[in-house]
Amino acid sequence: MTKEKIEIDKIKEGFVAVLPIVIGYFPIAMAFGLLSKNTDVTFRDTSLLSMMVYAGASQFMALDFIRAGVSIGSIILATFLLNLRHMMMSASLAVEFQDMNKKFLPIVAFGITDETFSVISFNKDKINLAFVLVINILAYSSWALGTMAGYLVGEILPASLQSSLSIGLYAMFAALLFPEIKKSKNILFLSIISAVVYVILFYSKIFTSGWDIIFGIIISSSMGVVIFRKNEEE
């Protein structure tokens, strides 16, 4: 098989893998665009948030802070803390990216989100530059365009539809997770552990908002490493 044929196949595989994310991101991004407009953020700033920050949870959190009158510095710091998990996700995939052209690594790292990380990590046997770039570029485009569309047409949507858009992020992530749970009981076990750990940290108020997610990820990931390593040894 020629190198060109391999690249074409990887592009096709990437397109198929990212399609659920593209479909899921667009309405969620529309919800963000709508909420941003209702928060009196300009179309330019709303678009730049999605194009430069590109982190759904952080963007929705930023809108809450803006409505609450929180200072810009505090918003930036909170966003940074909430997005620290992306550094850990990128680091965990770094071994798989060692053979990639180094000049593309910043683009690849920028495109890592919770959902693209899930798709890429569950398809490690397919990873190459073309596969990852297709996933990242299409997911990014869906988020950016969805944000703009939501801002521009949000006012004409019925109130019931506007409220339903906000749960799309959770539904999409569940759609990505459930097929993997069917493949491995360990993933189901780890998912339950992660949920329990986060609920305990959230309601105990041991850490402030943002830090509870970060420590939840660290604790759950550490437990996942122990669980999967033990099964591999057995």
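Condition check: among the hydroxyl-bearing types (Ser, Thr, Tyr), touching a helix residue (DSSP H, G or I) at 6+ places or on another chain (Cβ under 6 Å) and surrounded by fewer than 20 Cβ atoms within 10 Å (Cβ to Cβ). Does residue 39 satisfy that? Explain how you work it out, then say what you get.
Numbers: among the hydroxyl-bearing types (Ser, Thr, Tyr): yes; touching a helix residue (DSSP H, G or I) at 6+ places or on another chain (Cβ under 6 Å): yes; surrounded by fewer than 20 Cβ atoms within 10 Å (Cβ to Cβ): yes.
The answer is yes for residue 39.
Could you tell me how many of the residues in the range 68-89 are assigned to a helix (DSSP H, G or I) and either open to solvent by less than 40 Å² (accessible area, probe 1.4 Å) or in contact (Cβ under 8 Å) with a residue 12 or more places away in the chain (or both)? Don't jump to the end; show me each part of the working.
Step one: filter the range 68-89 for residues assigned to a helix (DSSP H, G or I), giving 68, 72-82, 84-89.
Filter again for either open to solvent by less than 40 Å² (accessible area, probe 1.4 Å) or in contact (Cβ under 8 Å) with a residue 12 or more places away in the chain (or both), leaving 75, 78-79, 81-82, 84-86, 88-89.
Qualifying residue count for the region: 10.
Can you tell me how many residues within the range 183-208 are over 22 Å from residue 78 (Cβ atoms) and either at pLDDT below 75 or open to solvent by less than 70 Å² (accessible area, probe 1.4 Å) (or both)? First the steps, then the outcome.
If we filter the range 183-208 for residues that are over 22 Å from residue 78 (Cβ atoms), which is where we start, we get 183-193, 195-196.
Those still in the list that are either at pLDDT below 75 or open to solvent by less than 70 Å² (accessible area, probe 1.4 Å) (or both) too: 183-184, 186-187, 190-191, 193, 195.
Here the count works out to 8.
Can you tell me which of (1) more than 20 Å from residue 115 (Cβ to Cβ); (2) of a type in the set (Val, Ile, Thr); (3) part of a helix (DSSP H, G or I); (4) open to solvent by less than 50 Å² (accessible area, probe 1.4 Å) is the one residue 21 doesn't meet?
(1)
Looking at the range 142-150, can you tell me whether even one residue there is at pLDDT below 85, buried (at least 17 other Cβ atoms within 10 Å of the Cβ) and among the aliphatic types (A, V, I, L, M)?
So far as the range 142-150 goes, no, none of its residues is at pLDDT below 85, buried (at least 17 other Cβ atoms within 10 Å of the Cβ) and among the aliphatic types (A, V, I, L, M).
Which condition does residue 211 not pass, out of (1) of a type in the set (A, V, I, L, M, F, W, C); (2) within 20 Å of the chain's Cα centre (by Cα); (3) open to solvent by 80 Å² or more (accessible area, probe 1.4 Å); (4) modelled with pLDDT of 70 or more, if it passes all the others?
(4)
Look through 57, 31 and report the one residue that is crowded, with 18+ Cβ neighbours inside 10 Å and within 18 Å of the chain's Cα centre (by Cα).
Matching residue, one of 57, 31: 31.
Quick check on the range 14-25. Is at least one of its residues hydrophobic (A, V, I, L, M, F, W, C), in contact (Cβ under 8 Å) with a residue 12 or more places away in the chain and in contact with a Ser or Thr (Cβ under 7 Å, 6 or more places away or on another chain)?
For the range 14-25, residues hydrophobic (A, V, I, L, M, F, W, C), in contact (Cβ under 8 Å) with a residue 12 or more places away in the chain and in contact with a Ser or Thr (Cβ under 7 Å, 6 or more places away or on another chain): present.
For the range 42-53, what are the residues that are open to solvent by 10 Å² or more (accessible area, probe 1.4 Å) and within 17 Å of the chain's Cα centre (by Cα)?
If the condition is that a residue be open to solvent by 10 Å² or more (accessible area, probe 1.4 Å) and within 17 Å of the chain's Cα centre (by Cα), then 49, 51, 52, 53 are the ones that fit.
Among what's in the range 90-121 and is assigned to a helix (DSSP H, G or I) and among the hydroxyl-bearing types (Ser, Thr, Tyr), pick the residue that is modelled with the highest pLDDT. Quick ask: steps written out before the conclusion?
Within the range 90-121, the first condition is being assigned to a helix (DSSP H, G or I), and the residues that meet it are 90-97, 102-110, 114-121.
Those left that are additionally among the hydroxyl-bearing types (Ser, Thr, Tyr): 90, 92, 116, 118, 121.
Values: 90: 80, 92: 77, 116: 89, 118: 83, 121: 83.
The qualifying residue modelled with the highest pLDDT is 116.
The values are calculated or read from the model by the stated rules, or taken from the named source; none is laboratory data. Worth saying up front: this structure is predicted, and the values here are computed from it rather than measured. As a convention, Cβ positions derive from the backbone with ideal geometry for all residues, glycine included, and neighbour counts pool all protein chains shown. Accessible surface is based on the protein model in full, side chains and every heavy atom, while ligands, DNA and RNA are left aside. Shrake-Rupley method; radii C 1.70, N 1.55, O 1.52, S 1.80 Å.
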